[in-house]
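Below: one structure, written as structure tokens.
The values are calculated or read from the model by the stated rules, or taken from the named source; none is laboratory data. Remember, it's a predicted structure, so these values are computed and weren't measured experimentally. When we count neighbours, we look across all protein chains shown, and the Cβ atoms used for this are built from the backbone with ideal geometry, even at glycine.
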Amino acid sequence: MAHIHEKIDFTVAIFVVHDAKVLLIHHRKLNKWLPLGGHIELDEEPEQAALREAKEESGLEVELLGERPPTTEPGTRALIGPRFLDIHRISDTHEHIGMIYWARIRSGDTTLAVEEHHDIRWCLSDELETLQPAMSNAVKWYCRKAIEEVSSARHQVPG
């Protein structure tokens, strides 16, 4: 994992929704329930990082949902905008700027990345309250918002 700076990194979080459920992992190192995601490497764009992390952590090929502006031209490539951005503290001296994406499955079968996670599961909105260890309120909010928006098809697949 490449760090852009000792104090801050850019990351992606991918909330994959299918049948009104969101895909979550129980992270080994952090001992937290989280969406798929991780660091944006120095040689990749946010979209590439999101697709790579989703595949590595779940075995799934996903499609990111959101809008890509029609502004690609020589020297500029438009990207799908994340649904949300946040900044969160990892330690007393390190933070992550998180690019938060909604996604749907394109293909593949859900697979546990045993070296990184204790568990992987699809959760309904009301199941978020029963996860152990307890999930942060911020992650629960994103889960519920992703389920609501993707299930109601308010987000288009990029073209």
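Numerical summary
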read-out	value
Selected residue (criterion: surrounded by the fewest Cβ atoms within 10 Å (Cβ to Cβ)) from residues of the stretch 90-114 that are modelled with pLDDT under 95 and touching a His at 6+ places or on another chain (Cβ under 8 Å)	90
Flag if residue 71 is surrounded by fewer than 11 Cβ atoms within 10 Å (Cβ to Cβ) and in contact (Cβ under 8 Å) with a residue 60 or more places away in the chain	no
Unique match (being buried (at least 21 other Cβ atoms within 10 Å of the Cβ), under 20 Å from residue 102 (Cα atoms) and either touching a residue at least 40 places away in the same chain (Cβ under 8 Å) or acidic (Asp, Glu) (or both)) among 15, 10	15
Identity of the residue in the stretch 18-40, charged (D, E, K, R) and farther than 12 Å from residue 121 by Cα, that ends up surrounded by the fewest Cβ atoms within 10 Å (Cβ to Cβ)	29
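Conditions (1) touching a strand residue (DSSP E or B) at 6+ places or on another chain (Cβ under 6 Å); (2) in a helix (DSSP H, G or I); (3) more than 24 Å from residue 61 (Cβ to Cβ); (4) acidic (Asp, Glu), marked per residue:
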| position | (1), (2), (3), (4) |
| --- | --- |
| 97 | yes, no, yes, no |
| 102 | yes, no, no, no |
| 126 | no, yes, yes, yes |
| 135 | yes, no, yes, no |
| 144 | no, yes, yes, no |
| 147 | yes, yes, no, no |
